[in-house]
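What follows draws every value from the coordinates through simple rules; no lab data is involved. Everything numeric in this text was worked out from a predicted model, so none of it was measured. Every residue, glycine among them, receives a Cβ derived from its backbone with ideal geometry; neighbour counts consider all protein chains shown.
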Amino acid sequence: GNLLSHVIGYVGRDLKGLAGLEKHFNKFLTAQIEKEDRSSWGSTLNLSIDVRVQNILSEEIDKVMKKFSAKGAAGIIVDPNNGEILALVSKPDFDPHHPGDAVDQQLFNMATQGVYEMGSGMKSLTMAIGFDTASTSMQDAYDLSYMKVNGFQVKDYHALKGWHSVPHIFLKSSNIGVSQIMLEIGSNHLANYLRKLGLLDRVKIELPERGRPLFPPTSRWTDLSLTTMSYGYGISVSPLHFMQAMVPVMNGGMMYPLTLVKRDATKPLIAERVLKEETSIAMRQLMRLVVSKGTGSKAEVKGYYVGGKTGTANIAHAGKYDKNRRISSFFG
């Protein structure tokens, strides 16, 4: 049925792949590639998708869309120790056997093609870069009473007065706190890390439907653009971009390219170190704190040490941010 519509894609009447993996691997699947080119794949194409996990994710997203009358939703589950995607869901979806019956909104892959301002989820990347560049540490504290940058007042959803520690700033998701950390990081470090984490280019993945991130040219970054980027505004990325960037934040600092194809267990995994191991350890501790004591308490599950980060971003509409339209996200 619809379960893997955005992953597998569909074919036209002539059986030519027109979307998804069908399009990306069209030559391989129709035996147009010479024998030697097939050697790296073998004779079959094994996906990393776990249909059980895909099914659970799809059902949960259906439930939550109904509950909040959402226009659309996306969910991605990745193994952080090798970059394999176990589930990838975009809603609304379609029946790949009858793609002609689907409207544009159903064919659009929100998980990989849509780019969005991520809101507070971005604070986890700001913190990780802050730790990695030694711009801040777990022992630091910041005054959250008031902050103005280039005439723009930075505000917190729940006002926090006085001095607060870095863990408390993350726990309470303070815009003022992460803005100060970002200004200490500076634009050169930020651009360098965003590039290393793959947030300035299209994600390399076996799908043709991939969105290009939107951000002002690095040469034009001001203190104000750094401030808004620190808490997820002024830079738009796809959910897949965000997952790619969070893999090294969680797994000890190693970047594995995301893939929908099962990795060959006999071949060595190629990974690149992009963050220090201690940065990742600190981030896992902070994420645990968010679920045990902070904004992510609904994700607490008995018997597991769940960690995570909540995110909310108002959607830009008609030249301003609309308070009644928002994107809610959770990374766990």
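Data table
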read-out	value
Signed unit charges on C-beta, dipole axis of the chain, positive-most listed residue GLY100, TYR116, VAL178	VAL178
Per-residue [θ]222 nm for the chain (sum of -39500 (n - 2.57) over DSSP H runs n ≥ 4, rounded to 500)	-9500 deg cm²/dmol
Separation in nanometres of the label points that stand 7 Å from Cα toward Cβ, at THR222 and VAL53	4.4
Whole-number percent relative contact order across region 190-332, with pairs defined as alpha carbons under 8 Å at least 6 apart	16
Most fluctuating residue given options PHE25, PHE242, PHE152, as computed from a GNM of the chain linking Cα atoms under 10 Å	PHE152
Among LYS161, LYS16, LYS91: highest mean-square fluctuation, GNM of the chain, C-alpha pairs under 10 Å	LYS161
Filter on LYS302/LYS323; LYS67/LYS323; LYS91/LYS204; LYS16/LYS71; LYS172/LYS262 - keep pairs with C-alpha separation over 27 Å	LYS302/LYS323; LYS16/LYS71; LYS172/LYS262
Computed lengthening from ALA31 to ASN150, 0.36 nm per intervening residue step minus Cα-Cα distance	36.9 nm
Residue with peak Gaussian network fluctuation, the chain [Cα springs, cutoff 10 Å], from ALA316, ALA141, ALA245	ALA316
For LEU160, net neighbour charge (Lys/Arg +1, Asp/Glu -1) across residues whose Cβ lies under 15 Å away	+3
Relative contact order of the chain, defined on C-alpha pairs under 8 angstrom at six or more residues apart (%)	19
Charge tally in the Cβ shell below 13 Å around MET250, where Lys, Arg are +1 and Asp, Glu are -1, MET250 excluded	+1
Virtual spin-label span in nm between VAL64 and LYS298, 7 Å along Cα→Cβ	0.8
